[in-house]
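Reading through the structure tokens given below for one structure.
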Ligand SMILES: [Zn+2]
Ligand SMILES: [Zn+2]
């Protein structure tokens, strides 16, 4: 059984529509795929309508969080998308995406980069605008060779010259809200240092004590040593270990199913969740 628990669609900053994503997941030989767009659940209906038979969809989201000034992402699975408190928090975070992207454009202009808001909005298209769209504009302009090169301290990484703060959820609050909506939480790419400063292990221990369910260990931004260290930490703290592609379509370099999650861990996630059930494919449209 091949399980990929972290994928983005055009509902946020991926390049596949939700329907394309589930078709591509089936074509890649996956049995289970999670749709985890940034701070939104609006891709669910299209993904479910298009879900091929033989593929199971795990509904989720990747929540934008911040702890002690350090940005971090919290994957949330199988929560009730209508639960009002978590819904209100997602909306608060999402409404801030446009002002924040505009602030980054202004900072880039001040650094002499001729990026425009219109360019970033065009790249974002129907998706909720985010940092990867600003990064893609920098690639278009030839300022950096790849999107990854834009996620450095020189440009858009946390604390970088053109980075702008946004409203982000306190992760302890995120854990409380997701649990309140019947969901399960997994700290996404906790040691992805290229994106900026990372959260210390002591904070991961505090999050575990507050009810965090797991950490994403097998991820393209973690090298072999980092994975080994995180696996040991998860064992110490009694956390689940996941692996996933963090697929963004053609915008980033990781393929669907390049990293996967152990079926036993997946089973445990589905047992803990009470807000929603995995959706089995019915053939799709
Ligand atoms: Zn992330
Ligand atoms: Zn992601």
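Okay, residues lined up against (1) surrounded by fewer than 20 Cβ atoms within 10 Å (Cβ to Cβ); (2) touching a strand residue (DSSP E or B) at 6+ places or on another chain (Cβ under 6 Å):
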position: 246; (1), (2): no, no
position: 257; (1), (2): no, yes
position: 261; (1), (2): no, yes
position: 265; (1), (2): yes, yes
position: 273; (1), (2): no, yes
position: 277; (1), (2): yes, no
position: 282; (1), (2): yes, no
Criterion violated by residue 61 - all others in (1) free of Cβ contacts under 8 Å to residues at least 40 places away in the same chain; (2) in contact with a helix residue (DSSP H, G or I) (Cβ under 9 Å, 6 or more places away or on another chain); (3) more than 16 Å from ligand 2 (Cβ to nearest atom) satisfied: (3)
Looking only at the range 72-98, and only at residues there that are within 15 Å of ligand 2 (Cβ to nearest atom) and under 17 Å from residue 273 (Cβ atoms), the one that is farthest from the chain's Cα centre (by Cα): 77
Any strands (runs of 3 or more DSSP E) falling wholly within the range 1-84 and containing at least 3 residues that are within 16 Å of ligand 1 (Cβ to nearest atom): 56-67, 70-77
The lone exception for residue 122 - which of (1) away from ligand 2 (no atom under 16 Å from the Cβ); (2) assigned to a helix (DSSP H, G or I); (3) within 22 Å of residue 270 (Cβ to Cβ) it fails: (3)
Filtered residues of the range 140-156 (kept if touching a helix residue (DSSP H, G or I) at 6+ places or on another chain (Cβ under 6 Å), at pLDDT 95 or above and not in a loop (DSSP other than H, G, I, E, B)): 150
Positions within the range 224-246 being closer than 23 Å to residue 34 by Cα and either assigned to a helix (DSSP H, G or I) or at pLDDT below 95 (or both), in sequence order: 227, 230, 231, 234
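Okay, residues lined up against (1) within 12 Å of ligand 1 (Cβ to nearest atom); (2) free of Cβ contacts under 8 Å to residues at least 40 places away in the same chain; (3) out of contact with any strand residue (DSSP E or B) (no Cβ under 9 Å at 6 or more places or on another chain):
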position: 183; (1), (2), (3): no, no, no
position: 189; (1), (2), (3): yes, no, no
position: 200; (1), (2), (3): no, yes, no
position: 211; (1), (2), (3): no, yes, no
position: 215; (1), (2), (3): no, yes, no
position: 221; (1), (2), (3): yes, yes, yes
Search result, residues across the range 231-244 that are closer than 17 Å to residue 79 by Cβ and either surrounded by fewer than 13 Cβ atoms within 10 Å (Cβ to Cβ) or without any contact (Cβ under 8 Å) to a residue 60 or more places away in the chain (or both): 240
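The values are calculated or read from the model by the stated rules, or taken from the named source; none is laboratory data. Computed from a predicted structure; not experimentally measured. Cβ sites come from the backbone with ideal geometry, for glycine too, and all protein chains shown count toward neighbours.
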